[in-house]
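Only one structure is covered here, and it is reproduced in the block below.
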Amino acid sequence: MDQLSIFGDTEVNKPLLPGLIDYQPGMFTKAESDDLLQKLIKETPWTQRSVMMYGKEILTPRLTAWYGDPDADYSISGMGAIPLPWTVDLLMIRQRVEAAAGISFNTVLLNYYRDGNDSVSWHDDMDNIPGRNMFVGSVSFGQVRTFDIRKKADHTVKYSIPLENGSYLLMKGDFQLNWQHRIAKSSKPMKERVNLTFRVSDKIG
Ligand SMILES: O=C(O)CCC(=O)C(=O)O
Ligand SMILES: [Fe+2]
């Protein structure tokens, strides 16, 4: 797999896949990131969702939580219609993400990867609704995990981006339409990681 992730100090804002992905390490300092990781782990009401697969109920291998504006509708994705109300920390993180992305987000999905056994398999973020989640702003705290991406039309075209503690990544353009992404399990020992994906959800009504 190609590594797209070699950054010198002068290359911090160099686009990886122009028009599709922006990546910015160090949006949060190490001190901020370490602190936010611990607070989010402790203070978030994590749940483990289940999905039906081959007629069996399978627990997703990670913990999740869903926050957002009260009128944000996410019933279609199975997250339940009412998101949790924004916290002070999440609003602060959202503000920085919005400043970098140049757009407003009304929901955020939190994923907690407890160790190397936790993962998310290949998917896009459209939930079968073309055009949904064209912009997804992703912030990572804690253990560096590898964000793999592959082209839907040709799975041999793939890249791997290590998402660093305190980093920001924006998926945009036709990324969700033409590419899938995942966080693979790891056979190497992995510490805790929390990822936040800021999204624009439809409003109820
Ligand atoms: O943990 C990550 O970096 C990605 C999470 C993700 O793809 C998702 O929540 O849809
Ligand atoms: Fe995703």
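Values for this structure:
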{"read-out": "Backbone N within segment 170-188 under 13 Å of label point (7 Å from residue 146 Cα along the Cβ vector)", "value": "182-188"}
{"read-out": "Sites residue 52 and residue 192, calculated FRET efficiency, Cβ-Cβ separation with R0 35 Å, nearest 0.05", "value": "0.80"}
{"read-out": "Normalised contact order of the chain, rounded percent, pairs of Cα under 8 Å and 6 or more residues apart", "value": "30 percent"}
{"read-out": "Given charges at beta-carbon only (K, R positive; D, E negative), |dipole| of the chain in Debye", "value": "500 debye"}
{"read-out": "Separation of the residue 129 and residue 88 label points, Cα + 7 Å toward Cβ, nm", "value": "3.3 nm"}
{"read-out": "Signed unit charges on C-beta, dipole axis of the chain, positive-most listed residue 70, 153, 170", "value": "153"}
{"read-out": "Segment residue 178-residue 115, length gained on full extension (0.36 nm per residue, minus Cα span)", "value": "19.7 nm"}
{"read-out": "Set of segment 126-152 residues, backbone N closer than 18 Å to the point 7 Å along the Cα-Cβ line of residue 31", "value": "142"}
{"read-out": "Net lengthening on full extension, residue 38/residue 202 (0.36 nm per residue, minus Cα-Cα)", "value": "56.0 nm"}
{"read-out": "Shape category assigned to segment 130-205 from the gyration tensor of Cα positions, a/c cut at 1.5", "value": "oblate"}
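Read-outs: derived from the displayed coordinates by stated rules, not from any lab. For clarity, every value in this text was computed on a predicted model and none was experimentally measured. All Cβ positions, even for glycine, are placed from backbone atoms using ideal geometry, and neighbour counts span all protein chains on display.
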